[in-house]
Amino acid sequence: MTKDDERNADTLDEVCARAESLVGAVERERLGEVTVRDVCRYAVAVGDDEYAASARADEAAGRPVVAPPMFLTGILSWADGPPEGELRPDGLAARESPCTAGLPVRQVHGGQAVRLLAPVTAGTVVHAERRLTSASRKHGKAGDFVVLALRTDYTDAAGTPLVVMDESVIVLGDDSGDGHGG
């Protein structure tokens, strides 16, 4: 085993140890009120100019403006976001990186499953509950890694479920030895 392999093993062990203490802990957040502008910006960002035009027409006619189905899950953060200098080397904000603060790791999105439970309309105040549901150490062709499983439940202010998102984040040891990946 090389020094890099040993360092990666120790680092991934630390990720798993941290995850153990966080599994099941719920982070609750009031995301804010969905606006027509938010809906239109999202639609334009995903290349659906017609959706944005339709939303503005609905607004002008006094009809409810319904957000695109993946709107809630497509927003990484409702805050302004951290300054570039506060991002991890892999480009993620610390908030999006459970169990890895200060560790020399790289992360990639592993996938997501989304259940759409109710339409989201402009004017809806959205809340989110996010939790780490599991962490598992795996071995692949390129070496060891950890899969973090996360669940986010989106609700309206009354607690009505809107969307449930289960996602995975793959944590890889930083085998470059410089803490900056690859």
Quick one: which residues, 5 or more positions from G32 or on another chain, have an amide H under 5 Å from its amide H? H modelled 1.01 Å from N in the peptide plane, none for Pro or chain starts. V126
Rounded to the nearest 10, the angle in degrees between the Cα long axis of helix 3-22 and the longest principal axis of the Cα atoms of the chain comes to 50 degrees
Rounded to the nearest 10 degrees, what's the angle between the helix 49-60 long axis and the longest principal axis of the chain, both from Cα atoms, 0 to 90? 40 degrees
Where only protein heavy atoms count, and the probe is 1.4 Å, what is the accessible area per residue for the chain in Å²? 56 Å²
Environment charge of H127, counting only residues whose C-beta is closer than 13 Å and scoring Lys/Arg +1, Asp/Glu -1: -3
Carbon plus sulfur fraction of accessible area for the chain, probe 1.4 Å, in percent: 52 percent
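Report the semi-axes of the equivalent ellipsoid for the chain in whole Å, largest first, where each axis is √(5λ) for an eigenvalue λ of the Cα gyration tensor.
37, 17, 13
The values are calculated or read from the model by the stated rules, or taken from the named source; none is laboratory data. Because the structure is a prediction, the values reported are computed rather than measured. Don't worry about glycine lacking a Cβ; one is built from the backbone with ideal geometry, like all the others, and counts go over all protein chains shown. Side chains included, ligands, DNA and RNA excluded: accessible areas come from the protein's heavy atoms. Shrake-Rupley method; radii C 1.70, N 1.55, O 1.52, S 1.80 Å.
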